[in-house]
1. Among the helices (runs of 4 or more DSSP H) confined wholly to region 129-218, which include 2 or more residues that are within 19 Å of W64 (Cβ to Cβ)?
2. Report the residue count in region 1-21 for those that are part of a helix (DSSP H, G or I) and either open to solvent by 10 Å² or more (accessible area, probe 1.4 Å) or within 7 Å of the ligand (Cβ to nearest atom) (or both).
3. Do you know which of the residues in region 118-128 that are of a type in the set (A, V, I, L, M, F, W, C) and part of a loop (DSSP other than H, G, I, E, B) is farthest from the chain's Cα centre (by Cα)?
4. On the given criteria, is G222 within 20 Å of T199 (Cβ to Cβ), of a type outside the set (A, V, I, L, M, F, W, C) and within 12 Å of the ligand (Cβ to nearest atom)?
5. For the subset of region 52-69 comprising residues that are open to solvent by 20 Å² or more (accessible area, probe 1.4 Å) and of a type outside the set (A, V, I, L, M, F, W, C), which member is nearest to the ligand (Cβ to nearest atom)?
6. Residues in region 34-51: is at least one at pLDDT 95 or above, within 16 Å of the chain's Cα centre (by Cα), open to solvent by 10 Å² or more (accessible area, probe 1.4 Å) and farther than 23 Å from I192 by Cβ?
7. Here are some residues: Y139, Y165. Which one is open to solvent by 60 Å² or more (accessible area, probe 1.4 Å) and either within 16 Å of the ligand (Cβ to nearest atom) or among the acidic types (D, E) (or both)?
Amino acid sequence: MITILSGGTGTPKLIQGIKEVYEPSKMNIIVNTVENDYFSGVYVAADIDTVLYTLADIINDETWYGIKDDTFFTNEFLKELNCPELLRIGDKDRSIKIQKTLLMEKHSLSEVVDIQRRRMNIESKVIPMSDEHSEINVYTDCGKLSFHDFLIKKQSKPEVLDIKYTKVNPSPEVIEIIEKSDMVIIGPSNPITSILPITSMNGVEKALKNSYCVAISPIIGGSAVSGPAGKFMKAFSHEVSSLSVASMYKGFLDKFIIDEMDENLKDKIEKLIKDVTITKTKMKNIHDKKMLAKIVLGEVI
Ligand code: GDP
């Protein structure tokens, strides 16, 4: 059994590869929830939905957001009605979010996600990192912004000074699943807003230290493949490099996989993490994803 820690873009790409070479029923995915919030009257758990749609083979993997070939009638009509639609939510995608919102009146987020993944015939377990609500804010040269205002309204343009999120407790299965796994995979996700929120919850780091833990660097050749990870790392005075990611994860990592473009950093990284593997980590197509998945999984397949 393996467990994957995920955000909503880099790691889902890898999950597409892993599910081709590993038994989906033996896979658990613990997903970041710090960015969850209500928009246009519905509960949006963007990273969780991206992981669900990836596993159900319905993800729009051009944008890594929403369902492929979705329609936008509700979004367009709401805009005609002058309802501010900060997020462009498709019709099918909105149905999943409405169902989540309704189910959450009686169930915890973990229970809701479990109901939804079963209805989508997903064999892998999808576990929200926490059932508690957290708030994430980005402090910028334009003042304090909610995470989505920074990302969407301001298009990640302002200078980032700090990022703060409410500390939450792990959902019921998180610690046990990590401890029972033969391997924990920290996918190539944003360290600051996707991975550290998971690993910094009570008990998670200790559980990771007791497991075999492998991470893939989301930084290639001094910059993020996509999104504001580089900007966020700089805000915490980290140089944007695989070496910085290694220094963030070194307390619980057994193996670190870096890109061939970062070969020059191997010696320095090996001083922090003994086992360093160099390979192509940029995933452009399913072949790249499967190749990387096989290297990550190594002896467990
Ligand atoms: P978010 O929740 O949408 O921010 O997405 P994630 O946190 O899951 O992923 C964002 C990170 O994925 C960025 O730091 C990217 O550099 C990284 N990423 C995206 N695609 C790739 C890829 O093909 N290879 C690697 N190594 N990293 C990637």
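The values are calculated or read from the model by the stated rules, or taken from the named source; none is laboratory data. These numbers were taken from a predicted model, which means no experiment stands behind them. Using ideal geometry, Cβ is built from the backbone for each residue, glycine included, and neighbour counts are taken over all protein chains shown. Just so you know, the surface numbers come from the protein's heavy atoms only, side chains and all, with ligands and any DNA or RNA stripped out. Shrake-Rupley method; radii C 1.70, N 1.55, O 1.52, S 1.80 Å.
1. 196-199
2. Qualifying residue count for the region: 8.
3. Taking the candidates together, the pick is M120.
4. No; evaluated as a whole, the condition is false for this residue.
5. This residue is Y65.
6. no
7. Residue meeting the stated conditions: Y165.
Residue-wise test of (1) closer than 21 Å to T199 by Cβ; (2) part of a strand (DSSP E or B); (3) aromatic (F, W, Y).
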residue: F256; (1), (2), (3): yes, yes, yes
residue: N264; (1), (2), (3): no, no, no
residue: K268; (1), (2), (3): no, no, no
residue: V276; (1), (2), (3): yes, yes, no
residue: K282; (1), (2), (3): no, no, no
residue: K289; (1), (2), (3): no, no, no
residue: L292; (1), (2), (3): no, no, no
